[in-house]
1. Given the condition farther than 25 Å from Tyr77 by Cβ, at pLDDT 80 or above, assigned by TED's automatic domain parsing to the domain that holds Gly46 and of a type in the set (Val, Ile, Thr), answer yes or no: does some residue in the stretch 161-177 qualify?
2. Given the criteria out of contact with any Asp or Glu (no Cβ under 9 Å at 6 or more places or on another chain), assigned by TED's automatic domain parsing to the domain that holds Ser150 and either over 27 Å from Ala118 (Cα atoms) or among the acidic types (Asp, Glu) (or both), does Ala204 qualify?
3. Go through the stretch 92-134 and give me each residue that's β-branched (Val, Ile, Thr) and surrounded by 15 or more Cβ atoms within 10 Å (Cβ to Cβ).
4. Can you tell me how many residues within the stretch 13-37 are buried (at least 21 other Cβ atoms within 10 Å of the Cβ) and within 30 Å of Ser151 (Cα to Cα)?
5. If only one of Ala234, Ala221, Ala257 is among the hydrophobic types (A, V, I, L, M, F, W, C), surrounded by fewer than 18 Cβ atoms within 10 Å (Cβ to Cβ) and over 30 Å from the mean Cα position of the chain (by Cα), which one is it?
6. Hey, does the stretch 166-173 have a residue that's closer than 15 Å to Ile101 by Cα and part of a helix (DSSP H, G or I)?
7. Being surrounded by 14 or more Cβ atoms within 10 Å (Cβ to Cβ) and out of contact with any Cys (no Cβ under 6 Å at 6 or more places or on another chain) narrows it down to one residue among Gly250, Gly269; which is it?
8. When you scan the stretch 6-22, do you find a residue that is part of a helix (DSSP H, G or I) and under 14 Å from the mean Cα position of the chain (by Cα), even just one?
Amino acid sequence: MAHSRTVIFAALAGNTAIAVTKFAAAILTGSSAMMSEAIHSVVDTGNQLLLLNGLRRAAKDPTERHPLGYGLQLYFYTFVVAVLIFGVGAVVSVLHGIERIRNPEPIENAWVNYAVLAFGVIFEGAVWIVALKSFNTERAGRGWVEAVKSSKDPTVFTVLFEDTAALLGLLVALLGVFFSQTLNMPVLDGVASVGVGLILGFTAFFLAAESQSLLTGEAAAPHTRTEIKAIADAQPGVARVNELLTMHFGPSDILVALSLDFDDAMPAGEVERTVSRIEKAIKSAHPDVTRIFIEAQSFEGHWGSDVEERASELSN
């Protein structure tokens, strides 16, 4: 998780500096688009603090009340980040922009906006590059959408998409300031503010969809499940794998539940030793597997009334 913290700290430092500068520029120039950008940076700064808190809480040791640990805390805080981007960033920016469209005012000292926006592009771009490098390492040649959907570490792609939205917002704000000045149409400054809000809204929706999927319990990657099943199947005395269930409690915290049908002739002691070998082999092949529960039960006993349907599925 060290690379996640590096990306978050880089984003936190950049957004804090940018937020202060944007607010000063917004107050000095009266630009609605710049005020929306300042709000955006404040929200992003708060989001990085929430992600860091999520990482800290997820690392807590299991307790009697939470015997499986606190790994899901990270996914919860990622979802909160998405809600804040929408509720604070997007909605406030859109409302602020609508108010400026209704009551347009000319921008004063526009050069300040240009200087701050250029400053913002440099800082946001630097953070974006750090997040992109980390994300490219994680996605290992897969497509962007596929990598995000299969990723179990939301911190990196959250920062990446936040900063992508930030760069797009800076571009929209720059265009709003430029055209409102060039065309002498102050209303375009308000339109740009609404545009920033819409960008944030889309980003929030995407992040919320991904984080809620993780929060409600995603299975391990297909290749991981296949390899775990193969390890169990390969053990002498295992007649078949009745069922394999996996769930991520964190990026590097997978729970595995196996129901195995053992050879009826196996002594109880040998069943126990086989279970131990399976657990050791799975954890050796997949260090992210932290908990394994193995049930010894006949195929018929496990599936009950659904046994014929299940047997038909396995034979196809």
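The values are calculated or read from the model by the stated rules, or taken from the named source; none is laboratory data. Model, not experiment: these values are computed from the prediction. Cβ sites come from the backbone with ideal geometry, for glycine too, and all protein chains shown count toward neighbours.
1. Looking through the stretch 161-177, at least one residue is farther than 25 Å from Tyr77 by Cβ, at pLDDT 80 or above, assigned by TED's automatic domain parsing to the domain that holds Gly46 and of a type in the set (Val, Ile, Thr).
2. no
3. Restricting attention to the stretch 92-134, the residues satisfying the condition of being β-branched (Val, Ile, Thr) are 92, 94, 98, 101, 107, 112, 116, 121-122, 127, 129-130.
Hits for the stretch 92-134 are Val92, Val94, Ile98, Ile101, Ile107, Val112, Val116, Val121, Val127, Val130.
4. 5
5. One residue alone meets the criteria, Ala234.
6. yes
7. Values: Gly269 fails: surrounded by 14 or more Cβ atoms within 10 Å (Cβ to Cβ).
Result: Gly250 is the single residue among Gly250, Gly269 that is surrounded by 14 or more Cβ atoms within 10 Å (Cβ to Cβ) and out of contact with any Cys (no Cβ under 6 Å at 6 or more places or on another chain).
8. Yes: one or more hits.
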